[in-house]
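Notes to accompany the following structure.
The values are calculated or read from the model by the stated rules, or taken from the named source; none is laboratory data. Predicted model only: the values in this text are computed from it and were never measured. Quick reminder, even Gly has a Cβ in these numbers, built from the backbone with ideal geometry, and neighbours come from all protein chains shown.
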Amino acid sequence: MADQEERVPVMQQVLDNHFLLLFLGITIPTVIYVLWGVMEVANIAVAR
Amino acid sequence: MATTYRICPRSGLQFDTAAEKLMRWNAVAGVLALLLGGIMALGVILTRWPAVHLLPADQFYLALTSHGVNMLLFWIIFFEMAVLYFASSTLLHCRLATPKIAWAGFWLMAIGAVMTNVAIFQGESSVMFTSYVPMQAKPHFYLGLILFAVGALIGCFVFLGTLVVAKAEKTYEGSIPLVTFGALTAAIIAIFTIASGAVILIPTLLWSLGYIREIDTIMYRIVWWAMGHSSQQINVSAHVAVWYAVAAIVFGAKPMSEKVSRSAFFLYILFLQLASAHHLLSDPGVGSEWKVVNTSYFMYFAVLASMIHGMTVPGAIEQAQRAKGYNKGLFEWLRKAPWGNPAFSSMFLSLVGFGFLGGISGVMMGTEQLNLLIHNTIYVPGHFHATVVIGTTLAFMGLTYFLVPVLFRREVLFPGFAKLQPYLFGLSMYAVALVMMGAGTLGVSRRHWDMAFAGAGMAYEWPGAAYLMMGLTGIAGVVAIIGGGGWILQIVFSLLFGKRLDEGETRSTPIPLTLPPQTGAHAAHVGTPGTMVLALVFLVSFILYYFVNWKYLSSLWGMA
Amino acid sequence: MSAISPPAERIWWKQPIDKLEFIWIAIAFVWSLVMFVMMVYWHIAGGQNLSNETYKTTKEMFAAKTQAVVDKYTVRTGTDAEKQFPVVKPPAGSDIYLIGRLWDWWPIYELEKGKTYKLHLSAMDYMHGFSLQPQNINIQVHPNYEHVVKITPNQSGTYSIVCNEYCGIGHHTMVGRIYVK
């Protein structure tokens, strides 16, 4: 079948790559939510 | 020990016998947590019902702590472990990776759950589910939660390991089923959740033991909510997967589009967890940029995903029903749905309630400025009783009606009650969520023993409508507890005394999943106009409610 | 062929999308953007935004600052129904300090309608919840952090501050007061 020879689209390959998804699902919230948030709190100035 | 497989004669599903046992034990442990949490719910609701005001303050806060922990963590995560094992080994027709390690995970979870409950019932650990520092619980309160989290983490890795096994042993071809993909989404979010929980609870444990002097309160809230909120995002992914599964089981429904549904889950993986920021919108210390980016799941991409699932699940059902000939008008497919089948009625009530009540309220209160209107009011529990109870618990209850004969090989007792139960529990929970949100809109606090402020020097008097709403919360809550308690009794009785069903064939090699031959052209395309109409009704309600709240906000004291 | 089996097509990514489904996705996407823009827009044009001004502080320092304002602007001692707390009437535009502690909001302020004040919030022990009623404005209050919120009361009346963050057995007795004249 012709279908068998056709390359699998990149996005489908991404969605089939479970460990890539795991990496993204951990990294994105860790950076955008946890690290950014903690950095902001760490940088709060001291009251005079 | 060699792996054996059982073919269920009722569903045609194939179970790895080791995995099957794990599913059963996890599901039962979950139901026990639900039972305890439900008893606590009765104490909570009867105290918040102003005319009853049952428990003294200390017992109320103890009951509330236990209710929160058992419902939001133990019941749901135990059940989710069962869902993960089902979605991997059963749906992929393969053996479960390392069942022994999975058992170690289960026992860690069980020991942890018991330990935390012991700490709560000893008193002195009534710190609520959130255990905000610097209020301190006993060390074994935190230790129990940590053990539970580690056990659940092990379960997630067993799930991922099973995906690897299935791929290596080629038990399926192409991509994993959509439901398994949804379970994968849940597992990924769970790993982030549990890791965050460990990151914050381990220092908190050390602090309660006296090794650490102080824990920063804002940082605690940031990292704790990466667990506390994300754990509810595991639920969202898991119950959406269950919706797809029930649609497939009951109707043989095929996803409208694999691409769309999987992309929607992909958006969950990327952005859903950012919503932990919903809890910090009225906090000092984190800036507006952080709040806006995180609270909106980047740019409402996870809301977009939920709106997609909200359409594609009923859409798939509509297509399946229309293909069967229920083609009259816009809604014959829905009218002729099996409303007496509790698996379906639970799933549909779950879907509608999650969207209309939980979804709309969640987005409203997750808006940075609008959050000022409801932060820490009883609106918040109103919202999450719509998402977690109507969305998740009801969906899981519905799935259990299917699992009792298939997984536990028992006939469901009291089928007449089973027909009614989803409506009794579901609709009363709709009412609970609505009146709690009503009271919250009037400002009534959550986690508050006495809205009459007995003993306060400068008591505030809530408007009569707030008392009315809280009274209705009590009444609807009691009905819901009857509905939920009835379900527990029914399931427990069925498991103990239901007629034993045929086990089916047990074999030592799995039957690989085979796909039917590909058809060149797609089957005749069926449209989904009925679902579209429902979706538009949803959208209009959403827009109206959203802007009504902006209008309300604009009338308040100026703040900058 | 259903959601519990692998997709039938080896390449499912190229399957066409149903027209109504596509329209719904487009609508949902636009609505998502509208909601996102709304939050940003309100920062520019709206009158109710929570301030980002926060400092690290200590309980002693915040208590001292509060005491200084109380010493300077107290107009009367409260009645028994006001727990005999000082009733403080600071000039419009000034910095005012409110302490959340087990189980009081201290002191009582008397503010002028339409005037702006810089309200400093902090807690002395646990976290507390500043819940202004019947306005229904709710702000989390942390110990060791000083949150500076500009407020402009727009209606006169007696307002209560209910604590809505659980803070122990006497939580329900923690109610404070602000008068707006």
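Could you tell me whether segment B:313-331 includes any residue that is aromatic (Phe, Trp, Tyr), part of a helix (DSSP H, G or I) and modelled with pLDDT of 95 or more? Among the residues of segment B:313-331, not one is aromatic (Phe, Trp, Tyr), part of a helix (DSSP H, G or I) and modelled with pLDDT of 95 or more, which makes the answer no.
For (1) surrounded by 24 or more Cβ atoms within 10 Å (Cβ to Cβ); (2) in contact with a strand residue (DSSP E or B) (Cβ under 8 Å, 6 or more places away or on another chain); (3) within 14 Å of chain C (Cβ to nearest Cβ); (4) among the aliphatic types (A, V, I, L, M), each residue gets a yes or a no:
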residue: B:Ala82; (1), (2), (3), (4): yes, no, no, yes
residue: B:Ala97; (1), (2), (3), (4): no, no, no, yes
residue: B:Ala104; (1), (2), (3), (4): no, no, no, yes
residue: B:Ala113; (1), (2), (3), (4): yes, no, no, yes
residue: B:Gly123; (1), (2), (3), (4): no, no, yes, no
residue: B:Met135; (1), (2), (3), (4): no, no, yes, yes
residue: B:Leu147; (1), (2), (3), (4): no, no, no, yes
residue: B:Phe157; (1), (2), (3), (4): no, no, no, no
residue: B:Thr171; (1), (2), (3), (4): no, no, yes, no
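Are any residues in segment B:279-298 more than 7 Å from every other protein chain (Cβ to nearest Cβ), assigned to a helix (DSSP H, G or I) and within 16 Å of C:Val40 (Cα to Cα), and if so, which ones? Answer for segment B:279-298, where residues must be more than 7 Å from every other protein chain (Cβ to nearest Cβ), assigned to a helix (DSSP H, G or I) and within 16 Å of C:Val40 (Cα to Cα): B:Glu289, B:Lys291, B:Thr295, B:Tyr297, B:Phe298. Restrict the check to segment B:190-198 and report whether at least one residue is within 19 Å of B:Ser88 (Cβ to Cβ), touching a Leu at 6+ places or on another chain (Cβ under 8 Å) and surrounded by fewer than 24 Cβ atoms within 10 Å (Cβ to Cβ). Among the residues of segment B:190-198, at least one is within 19 Å of B:Ser88 (Cβ to Cβ), touching a Leu at 6+ places or on another chain (Cβ under 8 Å) and surrounded by fewer than 24 Cβ atoms within 10 Å (Cβ to Cβ), which makes the answer yes.
Please verify whether B:Ala87 is among the hydrophobic types (A, V, I, L, M, F, W, C) and more than 20 Å from B:Trp224 (Cα to Cα), treating the condition exactly as stated. Before you say what the answer is, go through the steps one by one.
Working: among the hydrophobic types (A, V, I, L, M, F, W, C): yes; more than 20 Å from B:Trp224 (Cα to Cα): yes.
Considered against the rule, which asks whether it is among the hydrophobic types (A, V, I, L, M, F, W, C) and more than 20 Å from B:Trp224 (Cα to Cα), B:Ala87 comes out as yes.
Consider B:Met347 carefully, then state whether it is touching a residue at least 12 places away in the same chain (Cβ under 8 Å) and farther than 23 Å from C:Met39 by Cα. For B:Met347, the condition - touching a residue at least 12 places away in the same chain (Cβ under 8 Å) and farther than 23 Å from C:Met39 by Cα - is met. When C:Ala68 is tested against the conditions (1) more than 21 Å from the chain's Cα centre (by Cα); (2) surrounded by fewer than 20 Cβ atoms within 10 Å (Cβ to Cβ); (3) closer than 25 Å to B:Tyr460 by Cβ; (4) among the aliphatic types (A, V, I, L, M), the lone failure is (3).
Residue-by-condition table, conditions (1) outside any helix (DSSP H, G or I); (2) within 7 Å of another protein chain (Cβ to nearest Cβ); (3) touching a helix residue (DSSP H, G or I) at 6+ places or on another chain (Cβ under 6 Å); (4) of a type outside the set (Gly, Ala, Ser):
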site	(1), (2), (3), (4)
B:Met227	no, no, yes, yes
B:Ser231	no, no, yes, no
B:Ser237	no, no, yes, no
B:Trp243	no, no, yes, yes
B:Ala248	no, yes, no, no
B:Ala253	yes, yes, yes, no
B:Tyr268	no, no, yes, yes
B:Gln273	no, yes, yes, yes
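The residues on offer are C:Ser156, C:Ser131, and the sole one that is buried (at least 19 other Cβ atoms within 10 Å of the Cβ) and of a type in the set (Ser, Thr, Tyr) is C:Ser131.
Screening C:Val149, C:Val141 for residues that are farther than 30 Å from B:Thr65 by Cα, in contact with a strand residue (DSSP E or B) (Cβ under 6 Å, 6 or more places away or on another chain) and at the interface with chain B (Cβ under 9 Å from one of its Cβ atoms) leaves exactly one candidate, C:Val149. If the condition is being of a type in the set (A, V, I, L, M, F, W, C) and more than 7 Å from every other protein chain (Cβ to nearest Cβ), then segment A:7-48 contributes A:Val10, A:Val14, A:Phe19, A:Leu20, A:Phe23, A:Val31, A:Leu35, A:Met39, A:Ala42. Just one residue in the set B:Gly43, B:Gly37, B:Gly30 is in a helix (DSSP H, G or I), modelled with pLDDT of 95 or more and surrounded by fewer than 19 Cβ atoms within 10 Å (Cβ to Cβ); that residue is B:Gly43. Filtered by the rule that a residue be within 7 Å of chain B (Cβ to nearest Cβ), within 27 Å of B:Gln59 (Cβ to Cβ) and not in a loop (DSSP other than H, G, I, E, B), segment C:152-175 gives C:Ser160, C:Val162, C:His171, C:His172, C:Thr173, C:Val175. When B:Ile475 is tested against the conditions (1) closer than 30 Å to C:Lys83 by Cα; (2) part of a helix (DSSP H, G or I); (3) of a type outside the set (Ser, Thr, Tyr), the lone failure is (1). Checked against (1) free of Cβ contacts under 8 Å to residues at least 24 places away in the same chain; (2) over 24 Å from B:Thr387 (Cα atoms), B:Ile39 passes all but condition (2). Residue count for segment B:449-470 satisfying the condition of being free of Cβ contacts under 8 Å to residues at least 12 places away in the same chain, of a type outside the set (Phe, Trp, Tyr) and in a loop (DSSP other than H, G, I, E, B): 7. Within segment B:299-346, the residues that satisfy the criterion of being over 21 Å from B:Trp243 (Cα atoms), surrounded by fewer than 18 Cβ atoms within 10 Å (Cβ to Cβ) and within 14 Å of chain C (Cβ to nearest Cβ) are B:Met299, B:Leu330. Checking each residue of segment B:185-207 against the condition of being without any contact (Cβ under 8 Å) to a residue 40 or more places away in the chain and under 20 Å from B:Phe266 (Cα atoms) gives at least one match. Within segment B:478-495, not a single residue is at pLDDT 95 or above, farther than 30 Å from B:Val388 by Cβ, part of a helix (DSSP H, G or I) and not aliphatic (A, V, I, L, M).
In segment A:9-31, the residues that are closer than 11 Å to B:Ser175 by Cβ and at pLDDT 95 or above reach residues that are small (Gly, Ala, Ser) and not in a helix (DSSP H, G or I) with C-beta atoms within less than 6 angstrom, at least six apart or across chains, in these pairs: A:Asp16/B:Ser175. Looking only at segment B:524-546, which residues are facing another protein chain (nearest Cβ under 8 Å), part of a loop (DSSP other than H, G, I, E, B) and surrounded by fewer than 16 Cβ atoms within 10 Å (Cβ to Cβ)? B:His525, B:Gly527, listed by residue number.
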